[in-house]
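Report on the following structure.
The values are calculated or read from the model by the stated rules, or taken from the named source; none is laboratory data. Since we're looking at a predicted model, the values are computed, not measured. For neighbour counting, all protein chains shown are included, and Cβ atoms are generated from backbone atoms with ideal geometry for every residue, glycine included.
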């Protein structure tokens, strides 16, 4: 039995991926193309976030997880519902109208937006049927609908949360160096961080666990590896109510 959609309620997903090699925060986008059936002329050619209508029997979180898994094959990732977008004109750009009519979209659609956090190398984009591609947050292509606004709002929420919640660890491997963590903070917050102060503060955090391991496969002196302990963090959070990262 096919599930019925709610025609004017959708979920859009901003999938953030961190590339440690390039020290770049990226967004996963899919290509949107539409050709004229008679002339084969390209009417729409841009990129959009991945999203879909909510099924009548679904919770919003379930819709977001379904969308993520269909695009990436992944689930059980950090996700955050951060805002709803319901401007009456959000789908009324000329190309968006053409696309909406071809897909039988309701032009008065309200979308609930989520973002996910992962590492870019966790997603295999080879032969992806949506032609999904990673784009740096500061070098996005032409976007359809109001998706640039959605991405910008998601990024602002991520930057805010990163200053007082340990969500950045979702963008790193389980074992990391202090320099890698600093690079990530600098990338997200777009600031320069003093190395000595950062290292001193991080090493004193009880939920940052030093390991008896060092980097492998590096040409310079290998750095010590650390892990983030979610259990210790949550115990401290319950005790102290608020922790500054």
**OP:** For residue 197, indicate whether it is at pLDDT below 95, exposed (fewer than 15 other Cβ atoms within 10 Å of the Cβ), in a helix (DSSP H, G or I) and not assigned by TED's automatic domain parsing to the domain that holds residue 138.
**Re:** yes
Original post:
How many residues does the stretch 110-121 hold that are out of contact with any helix residue (DSSP H, G or I) (no Cβ under 8 Å at 6 or more places or on another chain) and either over 17 Å from residue 64 (Cβ atoms) or part of a loop (DSSP other than H, G, I, E, B) (or both)?
Top reply: 2
Original post:
Of these, 83, 79, which one is at pLDDT 95 or above, under 17 Å from the mean Cα position of the chain (by Cα), within 28 Å of residue 173 (Cβ to Cβ) and surrounded by 15 or more Cβ atoms within 10 Å (Cβ to Cβ)?
Top reply: 79
Original post:
Would you pick out the residues in the stretch 225-245 that are in contact with a helix residue (DSSP H, G or I) (Cβ under 8 Å, 6 or more places away or on another chain) and modelled with pLDDT of 85 or more?
Top reply: 226, 228, 230, 233
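Yes/no per residue for (1) free of Cβ contacts under 8 Å to residues at least 12 places away in the same chain; (2) more than 23 Å from residue 29 (Cα to Cα); (3) under 14 Å from the mean Cα position of the chain (by Cα); (4) surrounded by fewer than 16 Cβ atoms within 10 Å (Cβ to Cβ):
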| site | (1), (2), (3), (4) |
| --- | --- |
| 135 | no, no, yes, no |
| 142 | no, no, no, yes |
| 168 | no, no, yes, no |
| 178 | no, yes, no, no |
Original post:
Within the stretch 184-194, is even one residue more than 18 Å from the chain's Cα centre (by Cα), over 23 Å from residue 136 (Cα atoms) and assigned to a loop (DSSP other than H, G, I, E, B)?
Top reply: yes
Original post:
In the stretch 82-104, what residues are touching a residue at least 60 places away in the same chain (Cβ under 8 Å) and farther than 15 Å from residue 13 by Cα?
Top reply: 98, 99, 102
Original post:
Can you tell me which of 148, 184, 189, 125 is in the same structural domain as residue 14 (by TED's automatic domain parsing) and either touching a helix residue (DSSP H, G or I) at 6+ places or on another chain (Cβ under 7 Å) or closer than 17 Å to residue 67 by Cβ (or both)?
Top reply: 125
**OP:** Find all pairs meeting these conditions: Cβ atoms under 6 angstrom apart; at least six residues apart or on different chains; first residue within the stretch 51-80 and without any contact (Cβ under 8 Å) to a residue 24 or more places away in the chain; second residue buried (at least 20 other Cβ atoms within 10 Å of the Cβ).
**Re:** 75/65
